[in-house]
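For reference, the structure discussed in these notes is given below.
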Amino acid sequence: MLINVYRDQPTAIPGTRVLNGQLGIEGYQFVDPFDAKRVWQVERAYMPITGRAVGGIRAKLRDQKGFVTFCNQRDLEVLLGVAQPGELCVWLDDGYVSPTDDDWLGMICDDEDLRDDLFERECVLRMQMPLSILTTEYDIARRVHMERHYDVEDLFVLLGDVAPETGTSPDVRIETIEHRWMRAERRRVRWEKS
């Protein structure tokens, strides 16, 4: 087990959902269970999202071609060899499953994961700007592994770095990121050809 989120109650770096503290998994690599040519590396861990069917922390992963995705804690523990399918997942009070099981989720992104990724990219961009203020001449391109056999390239354009309710700038909150960025394009790509 990486962490028991119900017992240990992890915290986030203020202003983000990035897990505060190292679990020792950053940099670990594993082969995609459905594509032996694809290798994933753990970048960082994120706080759990309330209401998900499989709770626990989430890990952001990046493959050798720069595609990002997320993985839930239960399945990540299997992929990293910390747990084996069929064993009891104590923190979830359910069994671990294998990649071929119907309950396997594995590498998959939803809106909350994608918001965390976009916010992280925005933070990196802010570090390059005077006073951390973004100007509309910038955009963000990213490659995302949405789910098995579904990879995309996204292009986001900056609408403005202003808080919608007050008009103050910069607006550095994750809660308002959709007011700052708009997805201008999403194009499906084949990983094998990219």
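The values are calculated or read from the model by the stated rules, or taken from the named source; none is laboratory data. Here the structure is a predicted model, which means the values were calculated and not measured. Ideal geometry is used to build each Cβ from the backbone, glycine not excepted, and the neighbour counts take in all protein chains shown.
Quick one: which residue in Ser98, Ser132 is modelled with pLDDT under 95, of a type outside the set (A, V, I, L, M, F, W, C) and surrounded by fewer than 19 Cβ atoms within 10 Å (Cβ to Cβ)?
The unique qualifying residue is Ser132.
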Matching residues, segment 2-19, being over 23 Å from Glu147 (Cα atoms), surrounded by 13 or more Cβ atoms within 10 Å (Cβ to Cβ) and not hydrophobic (A, V, I, L, M, F, W, C):
Asn4, Tyr6, Pro10, Thr16
For His145, the lone unmet condition from (1) farther than 15 Å from Pro33 by Cα; (2) assigned by TED's automatic domain parsing to the domain that holds Thr176; (3) buried (at least 19 other Cβ atoms within 10 Å of the Cβ) is (1)
Mind listing just one residue for me: the one in segment 23-77 that is basic (Lys, Arg) and touching a Cys at 6+ places or on another chain (Cβ under 9 Å) and, of those, surrounded by the most Cβ atoms within 10 Å (Cβ to Cβ)?
Arg58
Determine, yes or no, whether Asp35 is in contact (Cβ under 8 Å) with a residue 12 or more places away in the chain and not assigned by TED's automatic domain parsing to the domain that holds Ile140.
yes
